[in-house]
Amino acid sequence: MLETLALHEPLESRNAFFAWLVAETFLNTNGQYMHYEPEEALALVMRVKHKGAAVQEIAAQLRAWSTA
């Protein structure tokens, strides 16, 4: 979900923020909570947006931030 929203830019502006917000909301809804620095989350979204992060890397990073 994060990758799709970051790559396809569904909004006119603030797509990176929207992609992260949707991904975090999805995870929280499913009982997965994360502890992270906002700058790290933005860096991940930007790597995804510029095709510098594979799905495996995204999953690994989200797991590393997971507190549940």
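No value in this document is a laboratory result; all are computed from the given coordinates. In this text, all values refer to a predicted model and were calculated from it rather than measured experimentally. Quick reminder, even Gly has a Cβ in these numbers, built from the backbone with ideal geometry, and neighbours come from all protein chains shown.
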Q: Kindly state, as a whole number, the per residue volume in cubic angstrom of the convex hull around the alpha carbon atoms of the range 1-66.
A: 74
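Nearest 20 debye, what's the magnitude of the dipole of the chain about its Cα centre given +1 on Lys and Arg Cβ and -1 on Asp and Glu Cβ?
Here the chain has a charge dipole of around 140 debye.
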Q: Just grab the label-to-label distance for residue 66 and residue 43, each label 7 Å out from Cα along the Cβ direction, in nm (one decimal).
A: 2.2
Q) Going 7 Å from the Cα of residue 36 toward and past its Cβ, which residues in the range 1-28 have a backbone nitrogen under 16 Å from where you end up? A) 1-7, 15-28
Q: Averaging sequence separations of C-alpha pairs under 8 Å and six or more residues apart, then dividing by the length of the chain, give the relative contact order as a whole percent.
A: 39
